[in-house]
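The values are calculated or read from the model by the stated rules, or taken from the named source; none is laboratory data. Remember, predicted model here, so these are calculated numbers, not experimental data. Cβ placement follows ideal geometry from the backbone for every residue including glycine, while neighbour counts extend to all protein chains displayed. Only protein heavy atoms, including side chains, enter the accessible area calculation; ligands, DNA and RNA are left aside. Shrake-Rupley method; radii C 1.70, N 1.55, O 1.52, S 1.80 Å.
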Number of protein chains: 2
Amino acid sequence: MQKANIFTNIPQTLNEELFTNIISKDGIKIERIISDGHTTNEGQWYDQESDEWVIVLQGEAVLSFEDEGEVRLKTGNYLNIPAHKKHRVSYTSPDEKTIWLAVYY
Amino acid sequence: MQKANIFTNIPQTLNEELFTNIISKDGIKIERIISDGHTTNEGQWYDQESDEWVIVLQGEAVLSFEDEGEVRLKTGNYLNIPAHKKHRVSYTSPDEKTIWLAVYY
């Protein structure tokens, strides 16, 4: 059985967010996302076909929702984002990498 | 949007492992499991209908597989367990609670 670690294999420098596929099968996807101060471009929204469950495992981030403001996520915080709920990443920590785990289902 | 934290709401004393459903929909389930030195009973194996992706977010554990020995999981280690791959938990840390996040799909 092959194990890996969510906190390793992180490049020192990231020009853009890093998306790593962990599992992809039968309509579900598990993905690691590393942000390094990155945010979604101003005025741009994620509008996804799938529900997304997301947890911050390191760092800090703010998600903004088109219809109900901001949610600040610290280590361990998780949130369920229903499909087509428009959102953007309005902040990630500039001081350390933010590690997200996302499950799309 | 309702956030929660995977590291909070953990009882001080656990007579048995604590399973908390986080998401359950359309054939996938996301679950938090807290172990406090617990192991699977000797000679008993999990033989699951679903694939399971599991990560240890705190603590330490050993999974034993019927056909290929043991895998030690520390904080951040994850593993994919195919359906019907027989396994048991042969160790969890007695010194701190072990927090697992499991995705059954």
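Results, tabulated for the structure shown:
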| item | result |
| --- | --- |
| Entirely in region A:3-96, the strands (runs of 3 or more DSSP E) that have 1 or more residues that are of a type in the set (S, T, N, Q) | A:18-25, A:28-35, A:52-58, A:61-65, A:77-81, A:87-92 |
| Residue check, residue A:93 in contact (Cβ under 8 Å) with a residue 60 or more places away in the chain and open to solvent by less than 30 Å² (accessible area, probe 1.4 Å) | no |
| Residue tally, condition on the phi < 0 side of the Ramachandran plot and within 8 Å of chain A (Cβ to nearest Cβ), over region B:26-57 | 6 |
| Count - residues of region B:68-90 that are at the interface with chain A (Cβ under 10 Å from one of its Cβ atoms) and either touching a residue at least 12 places away in the same chain (Cβ under 8 Å) or closer than 19 Å to residue B:17 by Cβ (or both) | 15 |
| Evaluation of residue B:102 against (1) farther than 15 Å from residue B:17 by Cβ; (2) assigned to a strand (DSSP E or B); (3) among the small types (Gly, Ala, Ser) (one fails), failing number | (1) |
| Out of B:47, B:26, B:51, sole residue that is over 19 Å from residue B:95 (Cα atoms) and buried (at least 17 other Cβ atoms within 10 Å of the Cβ) | B:51 |
| Long-range neighbours under 6 Å by Cβ, at least six apart or interchain, first residue closer than 12 Å to residue B:53 by Cβ within region A:1-26, second surrounded by 10 or more Cβ atoms within 10 Å (Cβ to Cβ) and among the polar types (S, T, N, Q) | A:3/B:77 |
